[in-house]
1. Simple spin-label model, 7 Å along Cα-to-Cβ: residue 470 to residue 176 in nm?
2. Once the Cβ-Cβ distance between residue 424 and residue 487 is put in as r, and R0 is 56 Å, what FRET efficiency do you end up with, to the nearest 0.05?
3. Based on the mean of other beta carbon atoms within 10 Å per residue, what is the order of 414-422, 182-190, most packed first?
4. Whole-Å semi-axes of the range 270-320's equivalent ellipsoid, largest first, each the root of 5 times a Cα gyration tensor eigenvalue?
5. Test of the criteria: in the range 193-236, which GluC sites (Glu not before Pro) are in a DSSP loop and have at most 10 other Cβ atoms within 10 angstrom of their Cβ?
6. Pull up all non-local amide H partners of residue 143: gap of 5 or more, or a different chain, and H-to-H distance under 5 Å with H placed in the peptide plane.
7. Between residue 209 and residue 92, 0.36 nm times their residue separation minus their Cα-Cα distance comes to what?
8. Based on the Cβ-Cβ distance from residue 503 to residue 479, what FRET efficiency comes out when R0 is 30 Å, to the nearest 0.05?
Amino acid sequence: MNRDGGGRHSYNGRGRGRGRGRGRGGRGGRGRGGRGRGRGGGGRQNNHNNRENASNYVHNIGTTGTPSATSFTVAVQGCSHGELDSIYDALLSYRAQKLGATNNDGTDAPAKNIDVLLCCGDVQTLRNTGDFHSLNVPPKYKAMGDFHAYYSGQKVAPILTIMIGGNHEASNYLQELHYGGWVAPNIYYLGAAGVVNICKRTTTEESSTSISTLRIAGATGIYNSRHYSLGRYEMPPYDQGGLRSVYHTREVDVKRLQALAADPSAANQQQAIDIMISHDWPRGIAYHGNLRQLLQRKPFFKQEIEDNELGSPANEALLHSLKPRYWFAAHLHVKFEALVRHASKSSENETKPEASTEPKVDSTAATEPEGKTEEMTETVDATTTEFHGMESNDGICPDSGSSNMETLTEQMTRFLSLDKCLPRRRHIQITHVEPSFSRSVTDAEPTLPEGESNNNAWLEYDASWLAVLRRTHGWTQRTRRQTKVPDEVTSITKEEIEDVMNRFEGVNSNGPTKTNPLAIPQNFVMT
């Protein structure tokens with residue numbers, strides 16, 4: 001499947017056919033100009049010049065999980081398309097309205113924090129008009145958006161933000177941070193692929209202090225079989241081919257992430273991935289949510305789903321190997337969820353699964369789609385993952401405290417994809433996530449990065465991921481030749497992780513004051 005921004009799945013989700021309606025387009029050819037045939041009806045409303053009040057977004061923010069003294073409040077955004085102001089305004093309004101508290105005397109107490117915002121691609125990190133040449137969108141949709149103000153320092157992101165790239169990005173800028181880094185103050189890019197830990201300090205009623213951690217991984221771009229096994233050969237200024245291939249996922253980055261999959265027989269039991277973020281969906285996920293509802297909203301997905309071409313086979317492989325607790329995605333401009341139950345190692349060894357036959361799509365649920373934009377040729381080995389869909393939720397992620405929802409375990413993944421940033425669209429989700437790892441600390445132990453307060457979450461490098469990058473550095477190449485990577489990637493060793501830690505601690509011990517060696521410094525620099 002290829003959704004590079006052209007063809008029938010367009011950048012702004014314009015509709016097709018004949019229809020009358022309001023808004024910016026969508027199914028049935030809706031548009032602001034009355035009747036019209038083709039994509040978008042009779043016109044479109046300019047969201048950049050007609051941004052509605054943040055309250056129009058707040059009531060469409062979904063929530064999952066139960067907040068607690070130890071949980072992280074995680075906001076997730078689908079496609080941003082340059083609308084950072086609207087997203088932050090909506091979250092600050094939500095924070096004031098939904099997360100506020102009242103003191104004993106009836107006055108308003110400070111609202112609780114949203115610990116982190118996860119942006120699932122198409123952030124459009126345009127610094128100035130010179131970056132337009134690296135943004136793959138039709139000319140009439142090229143607009144500066146809001147990011148440049150955060151890059152220049154006119155504004156500062158009010159919430160710690162972690163992002164990955166999609167297929168509508170200022171690719172020249174993101175290429176400067178291939179391994180990740182700050183794209184603006186308080187906005188961190190995970191790179192082509194990356195893993196970081198978000199941490200926060202909590203104090204119990206007994207006055208004991210602990211550090212809670214969530215491990216967050218991400219993969220940038222979308223899948224295309226023609227470029228999957230090639231090196232990162234693109235350099236600005238891009239030709240028309242490079243403008244698209246630069247954001248295509250590479251096998252090297254997928255293999256690196258797969259190296260984090262814990263081997264139960266290994267000496268080191270690596271911490272599991274709590275949250276995975278991507279732009280593309282994992283291939284096959286559509287069969288295991290509310291498929292009928294998905295096809296009612298996106299009928300032109302029908303043929304691709306039947307052909308098992310909707311989604312990325314690379315992300316499908318990562319889903320099976322990493323088994324994250326949560327997977328958040330975007331790209332297809334629709335809110336959709338599924339619950340994935342992974343087979344345990346013991347059951348895999350006891351019984352080899354028979355070849356599965358995927359169910360046919362109900363022909364009454366959708367109309368025939370138009371022709372495919374690109375044929376997919378890449379395949380991924382079969383796995384034993386089972387998927388369980390939610391059939392009765394109206395597209396809203398169910399509360400994990402619900403009686404009909406099983407407790408999420410290390411062998412289950414909750415998948416959620418979100419819409420693009422428009423009024424009355426479900427593009428933001430608030431999820432309360434319990435940490436998978438906590439450790440007690442003393443007051444004398446350095447934990448916070450320089451300049452941070454005890455009330456804020458902060459980011460730390462992941463020692464295991466750095467060990468993977470160190471071991472696989474030779475895989476990185478800047479040519480169009482096929483990259484040589486092993487078919488099977490072995491897990492990193494305890495010794496490799498300890499070597500990374502020793503290097504960081506050695507640098508830290510030479511400084512004037514002791515700080516947390518793995519804390520990611522706020523060292524953004526304009527380029």
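1. Going from the residue 470 label point to the residue 176 one covers 2.8 nm.
2. Details: r = 47 Å, r/R0 = 0.84.
The calculated FRET efficiency here is 0.75.
3. 414-422, 182-190
4. They are 24, 12, 9 Å, listed from largest to smallest.
5. On the way: sites: 205, 206, 234; in loops: 205, 206, 234.
Those satisfying the criteria are 205, 206.
6. Correct list: empty.
7. Between residue 209 and residue 92, full extension yields an extra 39.3 nm.
8. On the way: r = 30 Å, r/R0 = 0.99.
Computed FRET efficiency for residue 503 and residue 479 comes out at 0.50.
The values are calculated or read from the model by the stated rules, or taken from the named source; none is laboratory data. All figures in this text were calculated on a predicted structure; none of them were measured in a lab. Cβ atoms come from the backbone with ideal geometry, glycine included; neighbour counts cover every protein chain shown. Side chains included, ligands, DNA and RNA excluded: accessible areas come from the protein's heavy atoms. Shrake-Rupley method; radii C 1.70, N 1.55, O 1.52, S 1.80 Å.
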